[in-house]
Amino acid sequence: MVFRMIEGVMTKNLRVIPDERGWLMEILRCDEDLYENFGQVYLTTAYPEVVKAWHLHIKHRDNFTCINGMVKVALYDVRKNSPTYGELNEFFIGEKNPLLISVPPHVYHGFKAIGSDTTFCVNVPTNPYNYSEPDEFHLPPDTDEIPYNWILDGKKHG
């Protein structure tokens, strides 16, 4: 199967730097190509098997990673003028695969906590959350508008 990255989506492998005191992992730096602007930093969690999807933004880019546990991330391009219109991308990120995903505006995205632990995800969007006019548009996880199933195909046992 050939993987085609959605236009404008960028990823960065995150390097864990351990020593006898613990470890450090840089997530996003202002001197790298991936960086666009700083809006805010926030942490979101999900309990095992919880799906937080679908949402998209019109004005900002999300830059997120999972720092505890593992999540399955799905992206769907709804930009009609995009060369990857209608494409889906799926990533498995977290402790076993430290990866930053940068999602451009007009791309639906969400994640599902996989494994038996609560997941912790850090997001650095390019704009702060606007409480009076949120730049966030939602669809339910099981919408017919996105051809994706959050359930593991062929799963017989938990």
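The tail of the calculated P(r) for segment 15-158, taken as Cα-Cα distances beyond 23 Å, holds 38 percent of the pairs.
So how much slack lies between L43 and N81, counting 0.36 nm per residue of separation and subtracting their Cα-Cα distance, in nm?
10.4 nm
Taking a ≥ b ≥ c as the square roots of the eigenvalues of the alpha-carbon gyration tensor, segment 6-65 is classed oblate because a/c is 1.5 or more while a/b is no larger than b/c. Centroid-to-centroid, using Cα positions, segment 60-86 and segment 108-154 are 9 Å apart. Modelled label positions at D142 and R15, each set 7 Å beyond Cα in the direction of Cβ, lie 4.5 nm from each other. The relative contact order of segment 54-150, computed from alpha carbon pairs under 8 Å that lie at least 6 residues apart in sequence, is 43 percent.
Quick note: the coordinates plus some simple rules give every number you see, no bench work behind them. Values in this document were obtained by computation on a predicted structure and should not be read as measured data. Here Cβ is always computed from backbone atoms with ideal geometry, including for glycine, and neighbour counts include all displayed protein chains.
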